[in-house]
Amino acid sequence: MTRKAFPVLYVQDVRRSVEFYKLLGYESTYQFPLEGTPHYVGLERGDSSLGLSDANWPEAQLGITVGAAPRFELFVYVDDVEAEVEVFRAAGHPVLQEPATMPWGERQAYLADPEGNPVALATPI
C-alpha cells in the first residue's frame with residue numbers, strides 16, 4: 001500500500017514560518033500542541049503537504065543538531081510569478097532573484113523563507 005510522504009522543515013520560529021508559507025497558499029491543518037505556542041504545524045496546498053517543526057526537535061528526539069541554512073530548496077508553481085514576488089516583497093520577505101525567463105520555458109524567481117532557505121516560484125510560459 002502506498003502512503004503519503006511529506007517533508008518536515010526544522011525552523012527556529014514555527015509561527016513566523018507558518019505565516020510565510022500561508023502567503024504561498026498553504027493552509028494550516030494541524031498544530032501541536034493544540035493551544036499555545038506550536039512546536040509543530042502541518043500545512044496543505046492542493047496535493048502538497050509540509051510539516052514545520054521547532055528546530056530543537058531533532059536534538060531532543062534524535063541527538064542531532066540542525067545545520068546552517070540553506071537546508072533545502074522548495075519549488076512552487078504559481079499562477080503569476082511577478083504578482084507573487086510583490087506579495088512577498090510587501091510582506092518584508094527577501095527576494096533572492098527577480099523574475100526571469102528560464103531557457104526551459106518558465107518564468108522563475110527566488111525568495112528566502114524566514115530561515116534563509118531558497119524558495120523558487122515558477123510559472124510555465
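Looking at ALA91, ALA55, ALA112, can you tell me which residue is of a type in the set (A, V, I, L, M, F, W, C) and more than 24 Å from GLN31 (Cβ to Cβ)?
ALA112
Regarding the stretch 13-21, can at least one residue be identified that is outside the structural domain of GLU106 (by the TED database), in contact (Cβ under 8 Å) with a residue 12 or more places away in the chain, within 20 Å of GLN108 (Cβ to Cβ) and hydrophobic (A, V, I, L, M, F, W, C)?
Yes, because at least one residue in the stretch 13-21 is outside the structural domain of GLU106 (by the TED database), in contact (Cβ under 8 Å) with a residue 12 or more places away in the chain, within 20 Å of GLN108 (Cβ to Cβ) and hydrophobic (A, V, I, L, M, F, W, C).
Checking PHE32 against (1) farther than 15 Å from VAL14 by Cα; (2) open to solvent by 40 Å² or more (accessible area, probe 1.4 Å); (3) over 17 Å from the mean Cα position of the chain (by Cα); (4) modelled with pLDDT of 95 or more, which test does it fail?
(1)
Hey, could you check the stretch 97-125 for residues that are more than 14 Å from ASP79 (Cα to Cα) and of a type in the set (S, T, N, Q) and say which is farthest from the chain's Cα centre (by Cα)?
THR101
How many of the residues in the stretch 85-115 are open to solvent by 40 Å² or more (accessible area, probe 1.4 Å) and free of Cβ contacts under 8 Å to residues at least 60 places away in the same chain?
Total meeting the criteria: 13.
Out of the residues in the stretch 45-68 that are of a type in the set (A, V, I, L, M, F, W, C) and open to solvent by less than 50 Å² (accessible area, probe 1.4 Å), which is modelled with the lowest pLDDT?
VAL66
Being open to solvent by 70 Å² or more (accessible area, probe 1.4 Å) and at pLDDT 95 or above is the filter here, so list the residues in the stretch 11-29 that pass it.
The answer is ARG15, ARG16, GLU19, LYS22, GLU27, THR29.
Going through the stretch 116-125 one residue at a time, which ones are assigned to a strand (DSSP E or B) and open to solvent by less than 10 Å² (accessible area, probe 1.4 Å)?
If the condition is that a residue be assigned to a strand (DSSP E or B) and open to solvent by less than 10 Å² (accessible area, probe 1.4 Å), then VAL119, ALA120, LEU121, ALA122 are the ones that fit.
Quickly run through the stretch 29-72 and pick out the residues that are in contact (Cβ under 8 Å) with a residue 12 or more places away in the chain, in contact with a Pro (Cβ under 7 Å, 6 or more places away or on another chain), farther than 24 Å from ARG3 by Cα and hydrophobic (A, V, I, L, M, F, W, C).
Passing the criteria: only VAL66.
The values are calculated or read from the model by the stated rules, or taken from the named source; none is laboratory data. If you're wondering where the values come from, they're calculated on a predicted model, not measured in any experiment. Here the Cβ is made from the backbone with ideal geometry for all residues, glycine too, and neighbour counts use every protein chain on show. Remember, those area values only see protein heavy atoms, side chains included, never the ligands or the DNA or RNA. Shrake-Rupley method; radii C 1.70, N 1.55, O 1.52, S 1.80 Å.
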